[in-house]
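The next block holds one structure in the form of C-alpha cells; read it before the comments.
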Amino acid sequence: MTLALAETEDDAPDEGRHPLFSNAPSSVSFNKLRKRLLRQVRQAMDDFAMLQGQKRWLVGLSGGKDSYGLLALLMDLQWRGLLPVELIACNLDQGQPNFPKQILPEYLKSIGVAHRIEYRDTYSIVKEKVPSGATYCSLCSRLRRGNLYRIAREEGCDALVLGHHREDILETFFMNFFHGGRLATMPPKLLNDEGDLMVLRPLAYAAEDDLAKFAAAMQFPIIPCDLCGSQDGLQRNAMKAMLADIETRMPGRKEAMLRALGHTNPSHLLDPKLFDFSSLETVRQE
C-alpha cells in the first residue's frame, strides 16, 4: 500500500480536467489536492482489484461531502478513460424531516450523470424501533444498505460504491476493538451475503480532511443528516476524537495505523483459527 505521495508527482503538469471542475479553483494547492485524491482512488482500486469485469456501478450519494467527492472523482476517472464502467448515482430519501428534496436531483442533472432518487421512509422505522437515548446509526445503516442492494439489482449494477474514507475505516476498527472485542473494520472490497454484489470503497486511502477541503473548493450543495447527526455522545464520535488527539500529538499516526491494517501477522496475534499454534515444535540441536 502506497500512502505517501511523491512531491514530484504533485508538481506534474495538469493533464486536463473534467468539465465538472470548470468552476473549481485553479490554484496549485487545489490541483495538488485533486490529483492526490485521484491517485489514492486509483491505488485503492488497484490494490483491492476493484475492476474485475464489472460493467455498471451504483454510487451511493447521501448529500454529504464524502459521497459528493467520491462521485466527482469517479466521473473524472471515467472521463479520462481510466474507469471503464457505467456510473449511476443513487440517493435514498429516507423521509427525514425538512430534507431538501430538490437539491440532489437538480445537482445531478446539472453535472450530467445518470441518477435515481428513491423514497423510502426508513426514518419513521428507526425512530419507532430504537429506544430513546440509543443510537440510530446501526439500524439506519442496515435499512439503507438493504434498499441500496435492491436498487443496485433493479438497475443491473454489479457493485455498490460507497464514500467511506480513511477515518471511517480507522474509527470502525477501534469501535470493534474497544466495544466488540474483535479485530475488524470496513474492508475496501466486500462480497455481500447473497454473493451477487460487490461493495466497494475507493476512498479507503483518502483522508477526511482532504475530502472536506475538496468539497469546500468544489462548493458541493451539502445536505446535513438530521437523524444520526442530531445525536451527541456516539461511540464513533469518541473514536474520532481519540484519533484526532493522537494525530495532533503524534502526526502521521493515522497513516501508520492504516498501513498496519494491511500488514497483519497472524502468528503474532492470539487467534488459533488464523494460525495453528499447536503445530509449533522446537528443533533439537544434535
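The values are calculated or read from the model by the stated rules, or taken from the named source; none is laboratory data. Just so we're clear, the structure is a prediction, and the values are computed from it rather than from any experiment. Ideal geometry is used to build each Cβ from the backbone, glycine not excepted, and the neighbour counts take in all protein chains shown. These accessible areas exclude ligands, DNA and RNA; they are computed on the full protein's heavy atoms, side chains included. Shrake-Rupley method; radii C 1.70, N 1.55, O 1.52, S 1.80 Å.
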- [ ] Scan the stretch 88-102 for residues that are under 21 Å from His165 (Cα atoms) and without any contact (Cβ under 8 Å) to a residue 60 or more places away in the chain and jot them down.
- [x] Ala89, Asn91, Leu92
Open item on the list: Pairs needed: first member in the stretch 268-286, over 18 Å from Gly181 (Cα atoms); second member anywhere, part of a loop (DSSP other than H, G, I, E, B); C-beta distance under 8 Å; at least 6 residues apart or different chains.
Closed with: Phe275/Leu269; Ser278/Pro272
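Which one is nearest to Asn23 (Cα to Cα), of the residues in the stretch 193-211 that are part of a helix (DSSP H, G or I) and touching an Asp or Glu at 6+ places or on another chain (Cβ under 9 Å)?
Applying the filter and picking the extreme gives Leu211.
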TODO: Sort through Phe174, Phe214, Phe220 and tell me the only one that's part of a loop (DSSP other than H, G, I, E, B) and within 20 Å of the chain's Cα centre (by Cα).
DONE: Phe220
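Where in the stretch 62-171 are there strands (runs of 3 or more DSSP E), lying fully within it, with 1 or more residues that are modelled with pLDDT under 95? Break it down stepwise before answering.
Values: elements: 86-93, 115-119, 159-161.
Of the strands (runs of 3 or more DSSP E) lying wholly inside the stretch 62-171, those with at least 1 residues that are modelled with pLDDT under 95 span 86-93, 115-119.
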Open item on the list: Among the residues of the stretch 219-236, what is the count of those that are open to solvent by 30 Å² or more (accessible area, probe 1.4 Å) and modelled with pLDDT of 90 or more?
Closed with: 3
TODO: Evaluate the following for Leu203: is it within 17 Å of the chain's Cα centre (by Cα) and more than 29 Å from Ser29 (Cβ to Cβ)?
DONE: no
- [ ] Give just the number: which of (1) open to solvent by 50 Å² or more (accessible area, probe 1.4 Å); (2) within 30 Å of Lys32 (Cα to Cα); (3) among the polar types (S, T, N, Q); (4) part of a loop (DSSP other than H, G, I, E, B) does Thr248 not satisfy?
- [x] (4)
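Report, by residue number, each residue of the stretch 187-197 that is touching a residue at least 12 places away in the same chain (Cβ under 8 Å) and surrounded by fewer than 19 Cβ atoms within 10 Å (Cβ to Cβ). Lay out the reasoning, then the answer.
Step one: filter the stretch 187-197 for residues touching a residue at least 12 places away in the same chain (Cβ under 8 Å), giving 187-189, 192, 194, 196-197.
Residues satisfying the conditions are Pro187, Lys189, Asn192, Glu194, Asp196.
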Open item on the list: Return the residues of the stretch 158-168 that are more than 15 Å from Gly64 (Cβ to Cβ) and open to solvent by less than 10 Å² (accessible area, probe 1.4 Å); say none if nothing qualifies.
Closed with: Ala159, Leu160
